[in-house]
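Since the structure comes first, as structure tokens, the remarks are kept for the end.
The values are calculated or read from the model by the stated rules, or taken from the named source; none is laboratory data. Note that the coordinates shown come from a computational prediction; the quantities given were computed from them, not determined experimentally. Using ideal geometry, Cβ is built from the backbone for each residue, glycine included, and neighbour counts are taken over all protein chains shown.
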Amino acid sequence: MAEYEFILEDEPRPYVRRITLNRPEKRNALHNRLRGELFAALEAADHDAEVRVTVIRGAGKSFSAGYDLTQDVTKNVPFHTAPGDAYWPRQVAEGWFRIWDLAKPVIAQVHGYCLAGGSELMAACDLAYAAEDAQIGYPPVRLMSPPDTQFHPWMAGMRQAMELMLTGDAISGAEAARIGIANRAFPADELEEGVLGLAERIAKIPTDLQQLNKRSVHRAMEIMGMRAAIRAGTEIQALGFHQRSSREYMKTLAGGLTKALDERDAKFGDYRTKGGDGSKGSDESE
């Protein structure tokens, strides 16, 4: 296995590769260098005959609190995306499909905060298992834009997706499993063993057959229009940044990210403004 700066790798069970996002001090905020390492590790696992399934988890208190808002999104990109309006959501959606199109199954092991870009990473994985008390949501819809990768209607259905998009509220891992964003939820102290147990079962099936099993589900979703809809959604996301409310909000970020995010969420009384949950600190992601 290669040496990386922002991820860790191990093999906790036979034929199981595990990737740990390793920026715990930033709640595993996803910047382009971390994204590049993640894609490289996943692609290496796809070529490794000793790997049949990969698990992605986060170090520290969270899976991932989202994209790193302090980064220049045009720097250190892991692959080329045509420039112009909607550049960033197209870069993100293309990364989503790089995971989607891998031969081998990828599992998201979700705990703590799984917000915005973190929830997009979770959704890109073939399977998602969450701690019952995980917090999964997309708060940028409140004052920034719709999601970069608009997976919600496809996984949660119209009514549930509409509520999530119109409130920006987070849901628990247990609720995510109930509405279909996650496969199932485990008590937090049982999550790791639960995920590894399922990974072991998946790894019993040889890759040459398993890749067809995985692809059959994806092709059905693509025939129904999922891939085209997510690509079209990148343009809707870009329109969000041209709206007056979004432009005014983006100006407030210059006065401090944490302050701006707190002001956004204070009226809802959640996320960083809820208090008492250890969520305050390095709040430079979504």
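Every residue, every condition in (1) touching a Phe, Trp or Tyr at 6+ places or on another chain (Cβ under 8 Å); (2) modelled with pLDDT of 95 or more; (3) closer than 25 Å to Arg219 by Cβ; (4) hydrophobic (A, V, I, L, M, F, W, C), yes or no:
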{"position": "Arg13", "(1), (2), (3), (4)": "no, yes, no, no"}
{"position": "Leu42", "(1), (2), (3), (4)": "no, yes, yes, yes"}
{"position": "Val51", "(1), (2), (3), (4)": "yes, yes, yes, yes"}
{"position": "Lys75", "(1), (2), (3), (4)": "no, yes, no, no"}
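Taking the criterion of being closer than 15 Å to Ile19 by Cα and either of a type outside the set (A, V, I, L, M) or assigned to a helix (DSSP H, G or I) (or both), the residues of the stretch 98-123 that qualify are Ile99, Lys104, Pro105, Gln109, His111, Gly118, Leu121, Met122. Reported count of residues in the stretch 219-274, each being among the hydroxyl-bearing types (Ser, Thr, Tyr) and touching a Leu at 6+ places or on another chain (Cβ under 7 Å), is 3.
In the stretch 182-225, of all residues being touching a strand residue (DSSP E or B) at 6+ places or on another chain (Cβ under 7 Å), assigned to a loop (DSSP other than H, G, I, E, B) and in contact (Cβ under 8 Å) with a residue 60 or more places away in the chain, the one that is nearest to Ala123 (Cα to Cα) corresponds to Ala182.
For the stretch 200-221, name all the residues that are buried (at least 16 other Cβ atoms within 10 Å of the Cβ) and out of contact with any helix residue (DSSP H, G or I) (no Cβ under 8 Å at 6 or more places or on another chain). Glu200, Ala203, Thr207, Gln211, Lys214, listed by residue number. Beta carbons closer than 6 Å, at least 6 apart along the sequence or on distinct chains, pair a first residue in the stretch 118-134 that is surrounded by fewer than 24 Cβ atoms within 10 Å (Cβ to Cβ) with a second that is assigned to a loop (DSSP other than H, G, I, E, B) and polar (S, T, N, Q) for Leu127/Asn183.
In the set Arg159, Arg142, Arg178, only one residue is among the basic types (Lys, Arg) and touching a residue at least 60 places away in the same chain (Cβ under 8 Å); that residue is Arg142.
Checking the stated criteria, Glu222 turns out to be more than 25 Å from Lys26 (Cβ to Cβ) and either within 23 Å of the chain's Cα centre (by Cα) or modelled with pLDDT under 95 (or both).
Per-residue answers, yes or no, for (1) of a type in the set (Asp, Glu); (2) in contact with a Ser or Thr (Cβ under 9 Å, 6 or more places away or on another chain); (3) within 30 Å of Glu50 (Cβ to Cβ):
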{"position": "Glu175", "(1), (2), (3)": "yes, no, no"}
{"position": "Gln211", "(1), (2), (3)": "no, no, yes"}
{"position": "Arg219", "(1), (2), (3)": "no, no, yes"}
{"position": "Met224", "(1), (2), (3)": "no, no, no"}
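Among residues that are surrounded by 13 or more Cβ atoms within 10 Å (Cβ to Cβ), closer than 25 Å to Tyr129 by Cα and modelled with pLDDT under 95, Glu286 is included.
This table checks each residue for (1) over 29 Å from Pro146 (Cβ atoms); (2) in a loop (DSSP other than H, G, I, E, B).
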site	(1), (2)
Glu5	yes, yes
Arg17	yes, no
Thr20	yes, no
Asn28	no, yes
Thr70	no, yes
